[in-house]
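The values are calculated or read from the model by the stated rules, or taken from the named source; none is laboratory data. In this text the structure is predicted, and so the values were computed from the model without any measurement. Here Cβ is always computed from backbone atoms with ideal geometry, including for glycine, and neighbour counts include all displayed protein chains.
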Amino acid sequence: MRPQTTLTSAFLTPLLTALTASLALAGPALAQTWPEKSVTIVVPTAAGGANDAMARIIAQGLSARLGKPVVVDNKAGANGAIAAEHVARAAPDGYTIMFGYIATHGINPALQKLRYDPVADFEPIGMVAASPTVLVAHNAVPVKNGKELVQLVKSKPNTFSYATAGNGTAPHIAGELFKLSAGLDVVSVPYKGSAPAVVDTIAGNTQYMFPSLFTAFPQIKGGKLKALGIAGEKRSSVLPDVPTLAEQGIANVNMSQWYAMFAPAKTPKAVVDRLNREMNAVLAEKIAAKRIEDQGAEVETGTPEQLKTLVQKEVAHWKNVVTAAKIRVE
């Protein structure tokens, strides 16, 4: 039996070596021919929100650079978990990628029992942008800043409500942190995305909310909503006169939303690197960058490795925040 084992090993070794070599070459070879067909960017929110708007800006730029159509597919629901699971299970060939954000790859693990792992099931491609969350109010609410809103709400308990993009979303978490920090008695009203929540706040059906500045800026600029405070570490360059909530004495309401692109796990590194290069090139174009920045977001680019580190940190951070604040999603 010993000679037979030796013979079999001797026979298989060259085959295994050849197979390993061919697999090592598969990634670069695929990158040379990729893409051969259209690429789909799955957006985990409804059309009209910040994610959708930025994804379409990038899709347009990538289409031109790749020479193939890049289309957007909106799969809203479960705070982005439906889209994330879909992409996590997609073929790892670079033809299905995801426009992820703070909810899908940061907050969700702290609030939901997920059927995807935000780290293990994805290959990070790169950052796109970041946008602070901003406290906005209906124009008829008689306040000029966050501090005055707190005083008003406390003077009329059980009469105010705030809109969210859905339970467990960044606007919801920011609203709960604001409620906890200021000691308020208010009700949250969940919507299916930021866009309808903003519409109802403009209409006065809810009194205030915490959308991303990217979502809210056009409405603030157009005078349909008033900005009361920035829920971030620093003021925004597009709203320099609006103080942070911390400056107003309202601590621990820090919610800066970030947006990034991901591919399914095991997507060849060469394809991921190509996507990273092309996406960074799109974001470096003045027209594309200005379209994003004019809406209140700041373009941020980087490497896949840097995005992976960010996701790991965000998952740990939001688990701590949600536990400490005792935030629950029914």
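Per-residue answers, yes or no, for (1) in contact with a strand residue (DSSP E or B) (Cβ under 7 Å, 6 or more places away or on another chain); (2) modelled with pLDDT under 90; (3) assigned by TED's automatic domain parsing to the domain that holds GLY168; (4) surrounded by fewer than 20 Cβ atoms within 10 Å (Cβ to Cβ):
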residue	(1), (2), (3), (4)
SER9	no, yes, no, yes
THR17	no, yes, no, yes
ILE41	yes, no, no, no
ASN51	yes, no, no, no
ARG56	yes, no, no, yes
LEU62	yes, no, no, no
VAL70	yes, no, no, no
ASN79	no, no, no, no
ALA84	yes, no, no, no
Note on the range 237-283: residues under 18 Å from PHE217 (Cβ atoms) and either in a helix (DSSP H, G or I) or charged (D, E, K, R) (or both) are ASP241
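Let's see how each residue does on (1) under 29 Å from ILE97 (Cα atoms); (2) surrounded by 18 or more Cβ atoms within 10 Å (Cβ to Cβ):
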| position | (1), (2) |
| --- | --- |
| GLU233 | no, no |
| ALA263 | yes, yes |
| MET279 | yes, yes |
| THR303 | yes, no |
| THR309 | yes, no |
| LYS319 | yes, no |
| THR323 | no, no |
Inset, instruction - Could you tell me whether any residue of the range 309-327 is without any contact (Cβ under 8 Å) to a residue 60 or more places away in the chain and not in a helix (DSSP H, G or I)? - result: yes
Scanning the range 149-166 for residues that are in contact (Cβ under 8 Å) with a residue 24 or more places away in the chain and either of a type in the set (Phe, Trp, Tyr) or surrounded by fewer than 19 Cβ atoms within 10 Å (Cβ to Cβ) (or both) gives LYS154, PRO157, ASN158, PHE160, SER161, TYR162
Of the candidates LYS234, LYS226, the one satisfying the condition of being more than 23 Å from the chain's Cα centre (by Cα) and either not acidic (Asp, Glu) or not assigned by TED's automatic domain parsing to the domain that holds VAL150 (or both) is LYS226
When the range 171-189 is checked residue by residue, the ones that are of a type in the set (Gly, Ala, Ser) and more than 22 Å from TYR101 (Cβ to Cβ) are SER181, ALA182, GLY183
The condition from (1) out of contact with any His (no Cβ under 8 Å at 6 or more places or on another chain); (2) modelled with pLDDT of 95 or more that ALA260 misses is numbered (1)
For the range 65-89, pairs from a residue that is within 11 Å of VAL39 (Cα to Cα) to a residue that is at pLDDT below 95 and in a helix (DSSP H, G or I), with Cβ under 9 Å and 6 or more apart or across chains, are VAL72/ASP52
Would a scan of the range 292-310 turn up a residue that is assigned by TED's automatic domain parsing to the domain that holds ASN145 and more than 19 Å from SER131 (Cα to Cα)? no
Selection from the range 297-308 of residues over 15 Å from the mean Cα position of the chain (by Cα) and either among the polar types (S, T, N, Q) or at pLDDT below 95 (or both) yields THR303, GLN306
Considering only helices (runs of 4 or more DSSP H) wholly within the range 120-212, the ones with at least 1 residues that are farther than 23 Å from THR244 by Cα and modelled with pLDDT under 95 are 194-203
Output for Cβ contacts, cut-off 7 Å, separation at least six or different chains, first residue farther than 21 Å from LYS269 by Cα in the range 282-305, second part of a loop (DSSP other than H, G, I, E, B) and aliphatic (A, V, I, L, M), reads GLY296/VAL238
Of the residues in the range 27-39 that are in a helix (DSSP H, G or I) and surrounded by fewer than 12 Cβ atoms within 10 Å (Cβ to Cβ), the one that is modelled with the lowest pLDDT is GLN32
